[in-house]
Amino acid sequence: MRLFIALSLPETLRERLCGLCSGLPGARWVAPENLHLTLRFIGEVDGHDAEDIDAALSGIRFPRFPLTLSGVGEFGDGKRLRSVWVGVETNEMLERLQAKVEQAVQRAGQPPEKRKFKPHVTLARFKSHPGDRLQSYFTEHALFRCPPFEVADFTLYSSFLAHEGAIYQPEAVYPLE
């Protein structure tokens, strides 16, 4: 199984994000039902490890909190654009929840995440750079901001790579208090 832990997004927010999903040549836009905010990518694990991860995540106790998506950005190295994303306004509660998730995953026997947590919602992935259109896209959407939404749970997902792209399947949902 290929696993990751994420916040699912309300349907109204996913619809709003879809309004940002155009105007960049070569973009492979994320399907609306697949838009999410990753808390921790785990990768390939066997069934026993998946059960240990589920048990560790089930022990997390954390309050609900508001979260606001804001701004757009990119991941890449200057020459090679990997993805375009919507960012998250600074949120101490999100940072604390992510830290609890990371601790739980490590308690379940998984290695620590090497990358620093950079909360975002991926909108598109790229095989080639869209050229000059990228700067105009960022200028056009620089002031993007959505109303806050309540984070009421987080989800353990499995991911299957298909010809059309990744298919995400919720395996377990963990409610917040």
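For this structure, a couple of remarks:
- 5 angstrom amide H check on ARG82, placed H, neighbours 5+ away: PHE75, GLY76, ASP77
- Positive-end residue, the chain charge dipole about Cα centroid, Cβ charges, pick of PRO63, ALA31, GLY47: ALA31
- For the chain: lysine pairs under 19 Å (alpha-carbon distance), excluding those fewer than 8 apart on one chain: 4
- Dipole moment magnitude, nearest 20 debye, the chain about Cα centre, only Lys, Arg, Asp, Glu C-beta charged: 680
- Here the label points at MET93 and PHE75, each 7 Å from Cα along the C-beta direction, are separated by 2.5 nm in the simple model.
- Sparsely packed trypsin sites (Lys or Arg not before Pro) within the stretch 87-177, loop by DSSP, other Cβ within 10 Å at most 13: LYS114, ARG115, LYS116, LYS127
- Helix content alone sets the calculated 222 nm mean residue ellipticity of the chain: runs of n ≥ 4 DSSP H residues at -39500 (n - 2.57) each, divided across all residues, give -7500 deg cm²/dmol.
- Loop-resident GluC sites (Glu not before Pro) (DSSP state other than H, G, I, E or B) in the stretch 34-106 with no more than 16 further Cβ atoms inside 10 Å of their Cβ: GLU89.
- Taking the C-alpha atoms only, the angle from helix 92-107 to the longest principal axis of the chain is near 50 degrees.
- Span from the the stretch 53-119 Cα centroid across to the the stretch 125-159 one, whole angstrom: 15
- In this rough spin-label picture, where each label sits 7 Å from Cα along the Cβ direction, the ARG64-GLU33 distance is 2.6 nm.
- Where labels lie 7 Å past Cα in the beta-carbon direction, separation of PHE160 and LEU176 in nm: 3.0
- Label-reachable residues, the stretch 69-98, where backbone N falls under 15 Å from a point 7 Å from ALA142's Cα toward its Cβ: 71-74
- Where only alpha carbons of the stretch 2-175 are counted, the Rg and the Dmax (Å): 16.4, 48
- Nearest 10 degrees, 0 to 90: helix 47-58 Cα axis against the chain principal axis: 90
- Between ARG115 and ILE167, full extension at 0.36 nm per residue minus the direct alpha carbon distance yields a gain of 16.3 nm.
- Relative contact order for the chain: 34 percent, from Cα pairs under 8 Å spaced at least 6 residues apart, divided by residue count.
Each value in this text was obtained by applying a stated rule to the coordinates, not by laboratory testing. Predicted model only: the values in this text are computed from it and were never measured. Counting neighbours? That spans all protein chains shown, and the Cβs are built from the backbone with ideal geometry, glycine included.
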